[in-house]
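Heads up: the structure comes next, in structure tokens.
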Amino acid sequence: MFGLPSAALQWLGIGVLLVVLGGLIRFRGWTFLIAGYDETSPVPEDAAANIVGNAVLRIGLSALALGALIALAEVPSYLPAVFGIVIVVAVGRSLYRLRTYESSGVR
């Protein structure tokens with residue numbers, strides 16, 4: 001029987017979930033999945049979907065890669081903590097981009 005470590009299964013499961021949610025936000029425009037975003041926001045819906053969807057997709061793909069790495073090799077015990085720091089930076093970057101968004105005026 002094909003056996004994966006439970007940590008690998010957890011990372012792969014979360015990665016798949018985040019890739020699906022990121023794809024729905026980015027490509028289908030499901031901005032109702034973005035906490036605190038509504039139609040009264042000064043950021044257009046397509047820009048918010050682009051910024052947040054891309055961030056969630058990147059985090060999901062990274063979680064899939066980490067799950068695959070855990071399944072294939074021994075990883076240092078600090079690697080998930082480093083991944084957590086990367087998530088905090090990615091979310092901070094997305095929040096910064098949303099808060100400082102300015103329309104280019106070109107349509």
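Read-outs: derived from the displayed coordinates by stated rules, not from any lab. Since this is a predicted model, take the numbers as computed values, not measurements. Don't worry about glycine lacking a Cβ; one is built from the backbone with ideal geometry, like all the others, and counts go over all protein chains shown.
So the values come out like this:
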quantity: Size descriptor, Kirkwood hydrodynamic radius, that averages inverse alpha-carbon separations across the range 6-99, Å; calculated: 14.0
quantity: Approximate spin-label separation Phe83-Asp46, in nm, with each point projected 7 Å along Cα-to-Cβ; calculated: 3.5
quantity: Sequence-separation-based contact order of the chain, relative, with Cα cut under 8 Å and 6+ spacing, percent; calculated: 36
quantity: Pairwise FRET efficiency - Glu39 versus Ala90, Cβ, R0 = 30 Å, nearest 0.05; calculated: 0.75
quantity: Computed magnitude of the charge dipole of the chain (debye, nearest 20; Cβ of K, R +1, Cβ of D, E -1); calculated: 160
